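Read through the structure below, which is laid out as C-alpha cells, and then see the notes.
The values are calculated or read from the model by the stated rules, or taken from the named source; none is laboratory data. Everything quoted here is computed from the prediction, not taken from an experiment. Cβ sites come from the backbone with ideal geometry, for glycine too, and all protein chains shown count toward neighbours.
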Amino acid sequence: MKVKVLIVALTILFIIYLTLSTFTSSQRYLSPSEVVMGNYEGRYIAVMGEVAGTPRFEGLSLVFTVTDNQTRIIVRYQGPQVSLKEGVEVVVEGIYREGELLASKILTKCPSRYGSLSHIDMNTIAIPLAISISVSAALIIAIIILERKGERQHIEATRNTSHLCRRCV
C-alpha cells in the first residue's frame, strides 16, 4: 500500500514538474529596443514586434523589418515559406549578429487571421507531453503489477494459514 501511494505521488509530482518546466523554460520575448540596447550579439534570442514595411525575398532569404514603434531590426529568414503582411505581430527567434536577426523560427500572433503558424517548434509542447504520458502510463502499469503481486502474496499467505486476516473479513 505504501509503495502504491509513493508511486502515485511521484507520478503527480513528475507531471507537475514537466508542466511547470515547459512553461517556465520558455523564453521571454525581447522588444527590438531591448535587443539594440542590450548585449545580445551572437546570442539566440526571441524578439516580438510588428512587421514594418513589405517583406521581400533576397535570394532564398525572406527579409523584413520588425519594430516596436521605436527601434527596427532587420530579419533574415530561410526556412518553410511564411506569408507575412505589414502590421502583423510576430515572434522571431534566431541569432542576433551585426544588427540583424538571422531567424530560424517565425510565429505569427494570430494564425486564424494571417494563415497557419508556419514554423512552430512543437518539441516544446510535444516532447514533455509525450514523456509525461509515457511515464504516467509506466507508473500506472507498475501500480497494477504491484497490486496484483500483493494480492497473490496475500492469497498464498492465507492458504498456508488457517486464519483469515482483516482484509479477508
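On the stretch given as segment 63-80, residues that are in a loop (DSSP other than H, G, I, E, B) and surrounded by fewer than 16 Cβ atoms within 10 Å (Cβ to Cβ) total 6.
Contact annotation: residue pairs with Cβ atoms under 7 Å, 6 or more positions apart or on different chains, pairing a residue in segment 132-143 that is in the same structural domain as Leu10 (by TED's automatic domain parsing) and surrounded by 12 or more Cβ atoms within 10 Å (Cβ to Cβ) with a partner that is of a type in the set (D, E, K, R) and in a helix (DSSP H, G or I), are Ile143/Lys4.
Rundown of residues vs (1) at pLDDT 95 or above; (2) in a helix (DSSP H, G or I); (3) in the same structural domain as Leu146 (by TED's automatic domain parsing), yes/no style:
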site	(1), (2), (3)
Leu6	no, yes, yes
Ala9	no, yes, yes
Ile12	no, yes, yes
Ile15	no, yes, yes
Val36	no, yes, no
Gly42	no, no, no
Ala46	no, no, no
Thr54	no, no, no
Phe57	no, no, no
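Within segment 113-130, is there a residue that is at pLDDT 70 or above and over 21 Å from Leu30 (Cβ atoms)? Taking every residue of segment 113-130 in turn, at least one turns out to be at pLDDT 70 or above and over 21 Å from Leu30 (Cβ atoms). Entry remark, segment 81-106: residues being among the basic types (Lys, Arg) and either surrounded by 14 or more Cβ atoms within 10 Å (Cβ to Cβ) or outside any strand (DSSP E or B) (or both) number 2 in total.
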